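Below is one structure, written out as structure tokens, with a few remarks after it.
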Amino acid sequence: MSRAVKTAPATSIIARVIRMSRRSFLLLIAAASVMAFGIAAAIIALRVRDRAPVETAVPGQIRIGPEVSIGGPFSLTDQNGKRVTDADFRGRYMLLYFGYTYCPDVCPTELNTMALALDQLGIRVRIVPVFITIDPERDTPEQLKSYLASFGSDFVGLTGSADEIAQVAKEYRVYYKKAEGEGSDYLMDHTSLIYLVGPDGKLTALFRTGTSPEDLAQGIKGAFTGAEKAQK
């Protein structure tokens with residue numbers, strides 16, 4: 001005797017299919033949402049990364065994204081006692097370093113790198129090497145003049161009041177602070193970078209500590225080439 005096989009009503013089957021389709025649809029929407037979120041997060045990450053300094057092909061050089069603002073106006077006193085502003089350097093490149101004359105190692109090394117790079121380029125007329133002290137308490141105009149004579153007669157040394165130095169350091173995002181020592185015998189902690197500022201007063205390139213004279217010269221030359229191409 002055969003048994004009767006029960007079959008589900010057609011309406012029940014259709015309802016089940018609709019429920020399954022709805023679940024699949026919701027899962028698809030959820031998956032799409034996760035994917036969209038991931039893509040958005042990746043885009044944001046890329047944008048954030050693009051704003052940060054990025055290592056370039058020239059060893060030691062750092063490229064600054066267009067959203068990063070570094071540099072600004074200043075009014076300081078040079079090694080001859082003359083007031084100097086950022087506007088006085090318009091029309092020429094400025095190769096800039098922040099340090100102090102009592103620095104035992106890093107500062108003289110970086111200034112010497114700047115001097116050697118400029119010698120290799122042979123275009124000192126187009127570039128002014130500038131040294132801004134972060135130790136105005138000891139670095140008087142006279143002290144700067146004596147110190148910079150070892151690196152070249154075209155070096156410009158700038159000092160000022162504590163507030164003036166704090167302002168220009170802020171514009172160029174330079175950290176500095178008194179470290180070891182007592183009285184007038186102390187060291188300074190400070191940011192150590194070489195800035196290449198364009199004839200328009202805007203930062204063109206940035207180089208980290210330890211960049212060789214050859215790489216610095218190559219980086220400066222590359223900045224010149226890029227600027228010339230942009231003008232065409």
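Residues considered: Ile220, Ile194. Of these, the only one that is within 18 Å of the chain's Cα centre (by Cα), β-branched (Val, Ile, Thr) and part of a helix (DSSP H, G or I) is Ile220. Per the conditions (1) basic (Lys, Arg); (2) farther than 17 Å from Asp139 by Cα; (3) assigned to a strand (DSSP E or B), the sole criterion not satisfied by Lys177 is (2).
Take the conditions (1) at pLDDT below 95; (2) under 20 Å from Leu193 (Cβ atoms); (3) out of contact with any strand residue (DSSP E or B) (no Cβ under 7 Å at 6 or more places or on another chain); (4) of a type in the set (Val, Ile, Thr); Ile64 misses just one of them, which is (3).
In the stretch 83-102, the count of residues that are surrounded by 19 or more Cβ atoms within 10 Å (Cβ to Cβ), β-branched (Val, Ile, Thr), assigned to a loop (DSSP other than H, G, I, E, B) and in contact with a helix residue (DSSP H, G or I) (Cβ under 7 Å, 6 or more places away or on another chain) is one or more. State whether one or more residues within the stretch 197-208 are hydroxyl-bearing (Ser, Thr, Tyr), exposed (fewer than 14 other Cβ atoms within 10 Å of the Cβ) and not in a helix (DSSP H, G or I). There is no residue in the stretch 197-208 that is hydroxyl-bearing (Ser, Thr, Tyr), exposed (fewer than 14 other Cβ atoms within 10 Å of the Cβ) and not in a helix (DSSP H, G or I). For Ile194, indicate whether it is of a type in the set (A, V, I, L, M, F, W, C), more than 29 Å from Glu142 (Cα to Cα) and in contact with a helix residue (DSSP H, G or I) (Cβ under 8 Å, 6 or more places away or on another chain). Taking the combined requirement at face value, the residue does not satisfy it. Residue check: Arg138 meets all listed conditions (1) in contact (Cβ under 8 Å) with a residue 40 or more places away in the chain; (2) part of a loop (DSSP other than H, G, I, E, B); (3) within 16 Å of Met94 (Cα to Cα) but one, namely (3).
Taking every residue in the stretch 186-215 that is without any contact (Cβ under 8 Å) to a residue 60 or more places away in the chain and pairing it with any residue that is aliphatic (A, V, I, L, M), at least 6 positions away or on another chain, the pairs with Cβ-Cβ distances below 6 Å are Asp189/Ala179. Each residue in the stretch 103-138 was checked for being crowded, with 17+ Cβ neighbours inside 10 Å and within 19 Å of Ala179 (Cβ to Cβ), and 8 pass.
Say we look at the stretch 174-191 and pick out the residues that are of a type in the set (A, V, I, L, M) and surrounded by 18 or more Cβ atoms within 10 Å (Cβ to Cβ); which of these is nearest to the chain's Cα centre (by Cα)? Top of the filtered list is Val174. Every condition in (1) modelled with pLDDT of 95 or more; (2) surrounded by fewer than 12 Cβ atoms within 10 Å (Cβ to Cβ); (3) assigned to a loop (DSSP other than H, G, I, E, B) is met by Asp163 except one, and the failing one is (3). Listed by first and then second residue, the pairs linking a residue in the stretch 142-157 that is under 14 Å from Lys82 (Cα atoms) to a residue that is of a type in the set (Phe, Trp, Tyr), with Cβ atoms under 8 Å apart and 6 or more places separating them unless they lie on different chains, are Leu144/Phe131; Val156/Phe131; Gly157/Phe131; Gly157/Tyr147. If the condition is being modelled with pLDDT under 95 and either out of contact with any Leu (no Cβ under 9 Å at 6 or more places or on another chain) or of a type in the set (A, V, I, L, M, F, W, C) (or both), then the stretch 148-160 contributes only Ser153.
The values are calculated or read from the model by the stated rules, or taken from the named source; none is laboratory data. Source: prediction; values computed, not measured. Please note: Cβ atoms are built from the backbone with ideal geometry, for glycine as well, and neighbour counts cover all protein chains shown.
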